[in-house]
Amino acid sequence: MNMTKKEILVLAATGKTGRRVTARLRAAGETVRAASRSSETRFDWTDPATWDAALTGATAVYLVAPEEPGPVHEFVERAVKAGVRRFVALSGRGMDKVREGFEGMAAAEQAVRDSGVEWTIIRPNNFAQNFDEDLWREPLRSGRLALPIGDTPEPFVDVGDVAEVAAALLTGDGHAGNVYELSGPRGLTFAEAVEIIARAARRPIRFEELTPQQYRAELIAEGWPEEAADTLNVMFAHMREGHLAEPADGVRRVLGREPAAFEDYAARAAATGAWT
């Protein structure tokens with residue numbers, strides 16, 4: 001699709017991928033509409049009244065699905081009617097193996113496939129930035145990360161790579177109908193990842209293995225809702241099966257280079273004081 005006048009709608013524009021996709025597109029001179037519940041363009045999956053203003057004039061959408069699948073198909077249908085001709089949907093690695101706990105992503109994949117316009121799906125591994133921007137940051141700062149994962153490796157992907165891939169798919173041609181799996185260059189166990197982080201942060205941090213039951217109990221004791229604790233346990237059960245363990249070639253296929261190394265990510269994050 002050669003769009004002479006492009007306006008790209010980026011959903012979840014304050015999130016880990018969305019804000020980086022927005023920044024990368026704007027740096028390249030693209031016209032971007034950054035949308036979220038707190039962005040310059042308000043967008044709320046639970047409030048369809050916010051959708052039309054976000055979609056007006058948009059020709060492409062970076063689609064980050066909600067956890068609940070309900071509104072996704074209606075949004076995609078409305079987007080196509082409004083003039084959207086390309087979707088890049090953020091999903092997750094292993095979605096072809098298991099969908100329990102990831103119904104929103106599954107709905108997004110199906111909705112764009114059924115849209116009748118160009119679509120591309122990206123399925124990344126766990127983000128490296130989950131260690132400093134999300135749920136593992138505070139445990140690492142406390143000196144202990146405890147998870148029910150065992151020795152299964154995970155080729156953590158740098159969110160910067162995910163954003164660069166997404167921007168390329170939103171603006172370039174030749175990717176319609178493809179599914180790209182995105183990962184880092186090699187698999188690491190969580191214990192190995194924590195060791196790398198500890199060296200980069202120059203402080204002692206240990207990894208501890210928990211049973212799923214112990215992990216759930218710790219999360220609930222910390223104030224997590226039971227549903228969220230169960231969803232995380234589903235994710236780790238999926239990872240323990242090894243569906244995400246082997247490095248993927250999506251970054252290389254789209255960008256023509258190797259993905260960023262976890263060691264480089266850890267050094268950058270440690271330099272900002274992420275774990276001190």
Looking at the stretch 89-117, which of the residues that are touching a helix residue (DSSP H, G or I) at 6+ places or on another chain (Cβ under 9 Å), surrounded by fewer than 19 Cβ atoms within 10 Å (Cβ to Cβ) and at pLDDT 95 or above is nearest to residue 172 (Cα to Cα)? 117
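Condition (residue is assigned to a loop (DSSP other than H, G, I, E, B), modelled with pLDDT of 95 or more, hydrophobic (A, V, I, L, M, F, W, C) and under 17 Å from residue 108 (Cα atoms)) applied to the stretch 51-63: is it met by at least one residue? Please lay out each step first, then the result.
Step one: list which residues in the stretch 51-63 are assigned to a loop (DSSP other than H, G, I, E, B), which gives 56-59.
If we keep only those that are modelled with pLDDT of 95 or more too, we end up with 56-59.
Among the residues that remain, those that are also hydrophobic (A, V, I, L, M, F, W, C) are: 58.
Filter once more, so that each one left must be under 17 Å from residue 108 (Cα atoms): none.
Taking every residue of the stretch 51-63 in turn, none turns out to be assigned to a loop (DSSP other than H, G, I, E, B), modelled with pLDDT of 95 or more, hydrophobic (A, V, I, L, M, F, W, C) and under 17 Å from residue 108 (Cα atoms).
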With criteria (1) in contact with a His (Cβ under 7 Å, 6 or more places away or on another chain); (2) farther than 24 Å from residue 254 by Cα; (3) of a type outside the set (D, E, K, R), residue 72 comes up short on (1)
Kindly list, by first and then second residue, each pair from a residue in the stretch 235-248 that is under 21 Å from residue 122 (Cβ atoms) and surrounded by fewer than 18 Cβ atoms within 10 Å (Cβ to Cβ) to a residue that is among the β-branched types (Val, Ile, Thr) and at pLDDT below 85, limited to pairs with Cβ atoms under 9 Å and residues at least 6 apart or on different chains. 243/98
Considering the stretch 1-24 alone, what residues qualify as being part of a loop (DSSP other than H, G, I, E, B) and modelled with pLDDT of 95 or more? 7, 11, 12, 13, 14, 15
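Determine which member of the set 162, 88 is part of a strand (DSSP E or B) and in contact with a Ser or Thr (Cβ under 9 Å, 6 or more places away or on another chain).
Details: 162 fails: part of a strand (DSSP E or B).
Going through 162, 88 in turn, the sole match is 88.
Considering only the stretch 194-234, how many residues are in a loop (DSSP other than H, G, I, E, B) and either of a type in the set (Val, Ile, Thr) or surrounded by 14 or more Cβ atoms within 10 Å (Cβ to Cβ) (or both)? I'd like the intermediate steps shown before the answer.
Restricting attention to the stretch 194-234, the residues satisfying the condition of being in a loop (DSSP other than H, G, I, E, B) are 202-205, 210-211, 222-225.
Narrowing the set further to residues that are either of a type in the set (Val, Ile, Thr) or surrounded by 14 or more Cβ atoms within 10 Å (Cβ to Cβ) (or both) leaves 203, 205, 210-211, 224.
Total meeting the criteria: 5.
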Quick check: anything in the stretch 35-58 surrounded by 19 or more Cβ atoms within 10 Å (Cβ to Cβ), under 21 Å from residue 120 (Cβ atoms), in contact (Cβ under 8 Å) with a residue 40 or more places away in the chain and of a type outside the set (Gly, Ala, Ser)? yes
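Mind listing just one residue for me: the one in the stretch 74-88 that is of a type in the set (Gly, Ala, Ser) and touching a helix residue (DSSP H, G or I) at 6+ places or on another chain (Cβ under 7 Å) and, of those, surrounded by the most Cβ atoms within 10 Å (Cβ to Cβ)? Lay out the reasoning, then the answer.
Step one: list which residues in the stretch 74-88 are of a type in the set (Gly, Ala, Ser), which gives 79, 82-83.
Checking the rest, the ones that are also touching a helix residue (DSSP H, G or I) at 6+ places or on another chain (Cβ under 7 Å) come to 79, 82.
Values: 79: 25, 82: 17.
Among residues in the stretch 74-88 that are of a type in the set (Gly, Ala, Ser) and touching a helix residue (DSSP H, G or I) at 6+ places or on another chain (Cβ under 7 Å), the one surrounded by the most Cβ atoms within 10 Å (Cβ to Cβ) is 79.
Among the residues of the stretch 249-275, write down those that are part of a loop (DSSP other than H, G, I, E, B) and surrounded by fewer than 15 Cβ atoms within 10 Å (Cβ to Cβ).
Keep residues of the stretch 249-275 that are part of a loop (DSSP other than H, G, I, E, B), which gives 249, 256-261, 272-275.
Selection gives 249, 256, 257, 258, 272, 273.
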Test for residue 94: is it of a type outside the set (Val, Ile, Thr) and either outside any loop (DSSP other than H, G, I, E, B) or free of Cβ contacts under 8 Å to residues at least 40 places away in the same chain (or both): no
Answer yes if at least one residue in the stretch 202-212 is at pLDDT 95 or above, among the basic types (Lys, Arg) and touching a strand residue (DSSP E or B) at 6+ places or on another chain (Cβ under 8 Å), and no otherwise. yes
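Of the residues that make up the stretch 184-193, is at least one within 23 Å of the chain's Cα centre (by Cα), part of a loop (DSSP other than H, G, I, E, B), β-branched (Val, Ile, Thr) and modelled with pLDDT under 95?
No - not one qualifying residue is present in the stretch 184-193.
Regarding residue 167, is this residue under 22 Å from the mean Cα position of the chain (by Cα) and either surrounded by fewer than 21 Cβ atoms within 10 Å (Cβ to Cβ) or outside any helix (DSSP H, G or I) (or both)?
Values: under 22 Å from the mean Cα position of the chain (by Cα): yes; either surrounded by fewer than 21 Cβ atoms within 10 Å (Cβ to Cβ) or outside any helix (DSSP H, G or I) (or both): no.
Answer is no for this residue.
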Where the second residue is basic (Lys, Arg) and in a loop (DSSP other than H, G, I, E, B) and the first is closer than 14 Å to residue 127 by Cβ and without any contact (Cβ under 8 Å) to a residue 60 or more places away in the chain and lies in the stretch 252-276, which pairs have Cβ atoms under 8 Å and are six or more apart or on separate chains? none
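The values are calculated or read from the model by the stated rules, or taken from the named source; none is laboratory data. Everything numeric here is computed off the predicted structure, so don't read it as measured data. Every residue, glycine as well, gets a Cβ built from its backbone with ideal geometry; the counts of neighbours run over all protein chains shown.
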